[in-house]
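The values are calculated or read from the model by the stated rules, or taken from the named source; none is laboratory data. Because the structure is a prediction, the values reported are computed rather than measured. Here the Cβ positions follow ideal geometry from the backbone for every residue, glycine too, while neighbour counts run over all protein chains shown. Surface accessibility is based on the protein's heavy atoms, side chains included, excluding ligands, DNA and RNA. Shrake-Rupley method; radii C 1.70, N 1.55, O 1.52, S 1.80 Å.
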Amino acid sequence: MLPHATSAEKFLNDRSRSQWHDDTLWFVREKRDQASRTIPEWEALREAASRIKDDVLANLDEYLIQFEEQASANGIEVLWAADAQEHNEHVAGILRKHNVHRLVKSKSILTEECHLNEFLEARGYDVVDTDLGERIVQFLKQPPSHIVMPAIHLKKKEIGDIFHEKIGTRAGEDDPQRLTEAARGHLRQKFLEADAALTGVNFAVAETGGFVVCTNEGNADMGVHLAPVHIACMGIEKIIPRSEHLGVFLRLLARSATGQSITSYTSHYHRPREGCRMYIVVVDNGRSRQLGRPDFRTALKCIRCGACMNTCPVYRRSGGYSYGFTVPGPIGSILSPNLDLKSYRSLPFASTLCGSCSDVCPVKINIHEQLFKWRQVVSRKGGQTFSKRIGLMAAGWLFANPRIFRWSGAIARSMLAVLPRMMVYNGLNPWGKAREVPEVPGETFREWYLKNKKEKHGESQ
Ligand code: SF4
């Protein structure tokens with residue numbers, strides 16, 4: 001797997017797309033800010049959500065068993081999967097059992113994580129993603145680049161070209177309204193033909209055995225209401241203890257994700273319709289391991305709102321594909337090393353550690369602190385490049401020797417003033433590609449501080 005910086009460079013080489021991507025996501029971040037300000041008790045809600053999730057993580061085994069008992073009593077069949085392979089085999093088994101050939105899916109990050117589409121398509125099943133953004137990236141045989149806005153990296157002209165090729169819209173059509181109408185007609189036929197519907201799960205309620213799915217397009221409901229078999233796939237961390245807790249999470253989720261006060265469709269499922277079947281596949285796939293890591297377990301509180309991506313200056317400029325993981329951005333960078341530290345060792349470094357991700361997170365995950373801790377784990381395990389190791393050793397030595405630090409600072413300042421420009425701005429120094437060296441100040445902070453301290457001291461005497 002390529003390091004994040006190498007993959008990011010590809011995206012950044014298209015300057016206008018990278019700038020547009022940055023601006024678009026910042027716009028969503030600002031909508032989130034405005035929406036959060038409409039709720040005076042916003043911080044109390046975040047605190048409550050964080051505490052509920054702390055309780056869930058501390059008692060996950062009990063809540064999961066309670067959920068299974070309640071769901072089973074409601075007539076839902078609950079299946080457990082230790083990993084992605086078992087999850088996929090469960091789904092394929094259900095499809096075989098009911099002689100299903102055509103499956104419609106609504107957005108489910110978990111099935112992306114398990115690579116379910118590829119697994120089923122290799123076995124001859126017709127799988128159609130019905131979320132508009134997901135359908136667009138499915139046409140391109142690409143994964144989503146954002147967990148809430150899967151095709152956010154594409155411009156409307158590109159989407160028009162894809163629709164022209166795949167569903168026969170007029171060449172050059174790029175009017176979002178007309179493209180959406182065309183997609184609706186195309187998907188409606190898929191809903192009518194489907195033998196089974198698969199949905200994700202936003203929240204599974206232990207006390208009732210029911211679960212909630214949030215969409216803005218109503219596609220989960222269309223699939224589930226038409227097909228005789230409903231399969232819902234969820235990670236073990238999706239549990240919340242009681243129905244009353246939904247009031248906390250639903251208010252936070254939509255506002256954090258898109259700045260809406262609530263998602264257009266918040267659908268509650270409790271039991272199969274008469275004559276129909278309902279299954280829930282509950283998946284671990286590395287989550288128990290993460291739960292057992294004291295420094296990183298709270299990453300499991302994530303409700304997948306995407307707010308940390310929209311605010312992250314690195315994600316906004318480097319795009320979702322640069323992470324090479326199903327969940328990109330800051331939260332993906334603390335989840336992925338848990339699954340495969342070697343492959344994803346560069347991701348904890350894909351951050352400025354500015355802390356903006358932690359500030360916007362509705363469940364108060366200390367994302368930037370976990371990024372920093374993963375860096376320490378990577379470094380301890382020798383995951384740094386040789387040049388970085390040498391650089392950091394040199395920096396450590398320099399910072400541990402204040403005299404030499406001061407002396408080298410003075411040399412650097414005087415050199416910078418006279419060095420020819422090409423010494424900094426050349427092809428060998430990527431630092432200079434998008435930055436200007438600030439003007440060298442006349443004195444250091446230390447000199448300023450000592451002088452002012454002295455003057456102040458003199459005045460007070
Ligand atoms: S870590 Fe927090 S901000 Fe990021 S997606 Fe998860 S809940 Fe949202």
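Would you confirm whether or not region 65-87 contains a residue that is assigned to a helix (DSSP H, G or I), open to solvent by 70 Å² or more (accessible area, probe 1.4 Å) and within 19 Å of CYS308 (Cβ to Cβ)?
no
Of all residues being in a helix (DSSP H, G or I) and small (Gly, Ala, Ser) in region 296-321, which is nearest to the ligand (Cβ to nearest atom)? Just the residue, please.
The extreme case among them is ALA307.
Based on what the data block shows, is ASP284 away from the ligand (no atom under 16 Å from the Cβ), touching a Ser or Thr at 6+ places or on another chain (Cβ under 7 Å) and within 26 Å of HIS115 (Cα to Cα)?
no
Somewhere in region 99-113, is a residue touching a Ser or Thr at 6+ places or on another chain (Cβ under 6 Å), farther than 25 Å from SER333 by Cβ and of a type in the set (A, V, I, L, M, F, W, C)?
Yes, region 99-113 has at least one match.
Can we say ASP14 is acidic (Asp, Glu) and under 30 Å from LEU339 (Cβ atoms)?
Spelling it out, ASP14 is indeed acidic (Asp, Glu) and under 30 Å from LEU339 (Cβ atoms).
Do you know which residues across region 117-134 are open to solvent by 30 Å² or more (accessible area, probe 1.4 Å) and without any contact (Cβ under 8 Å) to a residue 60 or more places away in the chain?
GLU118, GLU121, ALA122, ARG123, GLY124, TYR125, ASP126
If you scan region 47-71, which residues turn out to be in contact with a helix residue (DSSP H, G or I) (Cβ under 7 Å, 6 or more places away or on another chain) and of a type in the set (D, E, K, R)?
Of everything in region 47-71, just one residue is in contact with a helix residue (DSSP H, G or I) (Cβ under 7 Å, 6 or more places away or on another chain) and of a type in the set (D, E, K, R), namely LYS53.
What do you reckon, is THR263 within 16 Å of the ligand (Cβ to nearest atom), under 30 Å from THR24 (Cα atoms), part of a loop (DSSP other than H, G, I, E, B) and among the hydroxyl-bearing types (Ser, Thr, Tyr)?
yes
Inspect all residues belonging to region 267-275 and state whether any of them is within 15 Å of the ligand (Cβ to nearest atom) and not in a loop (DSSP other than H, G, I, E, B).
no
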